[in-house]
Structure formats: C-alpha cells, structure tokens
Amino acid sequence: MARAKKQIAKREAAREAQGRDRVVATNRRARREYEFLETFEAGIVLQGSEVKALREGKAQLSEAYARVDNGEMWLFQMHIPPWQFATSFGAHDPDRRRKLLLHRKEIDELQGKTQQQSLTLIPASLYFKDGRAKVEIALAKGRHTYDKRNVLAARDAERDIARAVKEGNRWGGA
C-alpha cells in the first residue's frame, strides 16, 4: 500500500515538472542595454515546424523587437532555425515576423507609451507555459554608456560583499 502511494506521488511530481515553465531563450544583452520598466506576457502565433524547433531549444532573441502595426502586436527579427526534419513543404521562414497575442487594452497601452515616451518593446524571454509558447515583452528604456558602467560596478560590489560574507561565515562562524 505504501509502495503504491510512493509511485503515485512520483508520477504526479513528474507531471508537475512537465507542466512548469521551460525557458527556451532569454535576451541577456537586452538586460544590459535597456532598463525594463514593465513586462507583459504574450502568446505567439507559430507554425508547426517552429514549435518543434523551439522544443529543441533553438531560438535567438538578440536582435528581436516588437512593434504595434495596424492595432496588432508583431515580433520582428526573432530567429527560429528550421526544424532539421522538416521538408521543403513543412519548413518555415526563420526570420519572418510573428504575431503576438495580447488583450486589446494592453496593445493600446503599449502603443500609447511607445509613441508618447521614447520607449521600446523588447522580448526578454521565450518559454513554454502549460504547453504553449509565450514571450515576455518588456517596455524598456535605453541605457547610456555610463548607466551600463554604473550597473556593472554595483553588481560587482554586491558580488564582492557576498563573497566576503561567505568567507567570514566559513572561517569565523565555526
């Protein structure tokens, strides 16, 4: 009886692990070059071979950006390489623009903010959530060179402090 309960618990844990968010790609360069003010989660319209390529973990967000065209949100320059087993019929264009799925209020809000202020829409990450591909879009403001240096210096200082605390705990606490 106890053995059966353990097996059931093990199966449920495996199902939960599959249902969790699985990150496919992150835009690390964007976090350095932009200051994220607000983030939104958007669905993305994909073709079959694109989904299979994403499940293999192949995507590049480094040059990608989002824009509102004719009341719809589009993602440009995101590169998803063709799936290796797709034939010429099932293959897709790797750099085509892809439609993002957001609520009308969110699209209008983002369009207003990008037009009034000098802000841009950057994809921060691409991931699977409950089996569906999602994109985290960030409303971002560009950083100047000196801002980038300040951020790097602050991060290095925090790392040095954490290292010193860890060393102090290792030698002084025992």
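The values are calculated or read from the model by the stated rules, or taken from the named source; none is laboratory data. Worth saying up front: this structure is predicted, and the values here are computed from it rather than measured. As a convention, Cβ positions derive from the backbone with ideal geometry for all residues, glycine included, and neighbour counts pool all protein chains shown. Quick note on the areas: whole protein, heavy atoms, side chains included, nothing else; ligands and nucleic acids left out. Shrake-Rupley method; radii C 1.70, N 1.55, O 1.52, S 1.80 Å.
Observations on the model:
- Surface accessible to a 1.4 Å probe, residue 39 within the full protein complex, Å²: 70
- Rounded to the nearest whole Hz, the Karplus-based 3J(HN,Hα) values (6.51 cos²θ - 1.76 cosθ + 1.60, θ = phi - 60°) of segment 149-164 follow the sequence 5, 5, 5, 5, 5, 5, 5, 5, 5, 5, 5, 5, 5, 4, 5, 5, with x at glycine and proline.
- In terms of distances greater than 26 angstrom between alpha carbons, the cross-link table entries 99/129; 58/105; 58/99; 58/148; 58/134; 113/148 yield 58/105; 58/148.
- Debye log10 I(q)/I(0) at q = 0.12 Å⁻¹ for segment 42-111, Cα point scatterers: -0.35
- Karplus 3J(HN,Hα) series, Hz, for segment 48-63 with 6.51 cos²θ - 1.76 cosθ + 1.60 (x for Gly, Pro): x, 5, 5, 4, 5, 5, 5, 5, 7, x, 10, 6, 10, 10, 4, 9
- Residue 70 paired with residue 170, simple spin-label distance in nm, labels 7 Å along Cα-to-beta-carbon: 6.1
- Sequence of 144, 79, 103, 92 when ordered by accessible area, the most exposed leading, probe 1.4 angstrom: 103, 144, 79, 92
- Here the label points at residue 143 and residue 158, each 7 Å from Cα along the C-beta direction, are separated by 1.1 nm in the simple model.
- For segment 25-74, average projected area of the Cα convex hull in nm²: 4.5
- Between segment 30-87 and segment 95-127, the Cα center-to-center distance that results, in Å: 12
- Rounded, prolate or oblate (a/c below 1.5 giving rounded, otherwise prolate when a/b exceeds b/c) for segment 128-173 by Cα gyration tensor: oblate
- Hull shadow area, averaged, segment 96-154 [alpha-carbon convex hull, nm²]: 6.3
- The alpha-carbon atoms of segment 19-174, seen along their principal axes, cover 65, 43, 28 angstrom, with the largest extent given first.
- Note on residue 38 and residue 108: the extension gain reaches 23.7 nm, defined as 0.36 nm multiplied by sequence separation minus the Cα-Cα distance.
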